[in-house]
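The values are calculated or read from the model by the stated rules, or taken from the named source; none is laboratory data. Predicted, not measured: the structure shown is a model, and the values here were computed from it. Neighbour counts run over all protein chains shown; Cβ positions are idealised from the backbone, glycine included. For the accessible areas, the whole protein counts, side chains as well, though only heavy atoms, and no ligand, DNA or RNA atoms are used. Shrake-Rupley method; radii C 1.70, N 1.55, O 1.52, S 1.80 Å.
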Amino acid sequence: LKFIFGPSAVPALDLVDQRSVTRVTSPSGRTAYQVLGSSGKLYTCYSSCHFCTCPAFGFTVLQKSESLLCKHILAVYLSQAMGACQELTVSEEQLTSILLAEEEDEG
């Protein structure tokens, strides 16, 4: 994994070991992932479009194209593959609040 994903691999595996990945699902089937980062901040990841709200994803992946992904999105993919995601079912309103909270943090 480290050969393919570089420096993100080991921290991502640590997040999986700590059970830091939660799959958030609404009754309509919409899904997002929340990852509790090593700094204690909660990041929202979308595996369907390969995106994370963390600063490292924006800078290293999107701006500089130095990496394929951040440790949070890799942790999501690894947790999915290993069946290690925490599960949380929320209402449509709660999922909307989660998604809007991320936009407010960025804006």
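Which residues, taken from the range 29-45, are at pLDDT 90 or above and not aliphatic (A, V, I, L, M)?
Let us first name the residues in the range 29-45 that are at pLDDT 90 or above, namely 29-37, 40-45.
Once the filter is applied, which keeps residues that are at pLDDT 90 or above and not aliphatic (A, V, I, L, M), the range 29-45 yields G29, R30, T31, Y33, Q34, G37, G40, K41, Y43, T44, C45.
Could you check how many residues of the range 44-81 are part of a loop (DSSP other than H, G, I, E, B), in contact (Cβ under 8 Å) with a residue 40 or more places away in the chain and either on the phi > 0 side of the Ramachandran plot or buried (at least 20 other Cβ atoms within 10 Å of the Cβ) (or both)?
Going residue by residue through the range 44-81, those that are part of a loop (DSSP other than H, G, I, E, B) are 47-50, 53-54, 64-70.
Restricting the remaining residues to those that are in contact (Cβ under 8 Å) with a residue 40 or more places away in the chain gives 53, 67-70.
Now narrow it down to the ones that are either on the phi > 0 side of the Ramachandran plot or buried (at least 20 other Cβ atoms within 10 Å of the Cβ) (or both): 53, 69-70.
Going through the range 44-81 one residue at a time, the tally reaches 3.
Checking the conditions here, which among L88, L95, L78, L100 is at pLDDT below 90 and of a type outside the set (D, E)?
Of L88, L95, L78, L100, the one residue that is at pLDDT below 90 and of a type outside the set (D, E) is L100.
Just give me the residues in the range 82-95 being farther than 13 Å from L13 by Cα and either open to solvent by less than 90 Å² (accessible area, probe 1.4 Å) or touching a Phe, Trp or Tyr at 6+ places or on another chain (Cβ under 9 Å) (or both), in sequence order.
G83, Q86, L88, V90, S91, E92, L95
Looking at V35, is it in a strand (DSSP E or B), within 28 Å of E92 (Cα to Cα), within 14 Å of the chain's Cα centre (by Cα) and aliphatic (A, V, I, L, M)?
Criteria met by V35.
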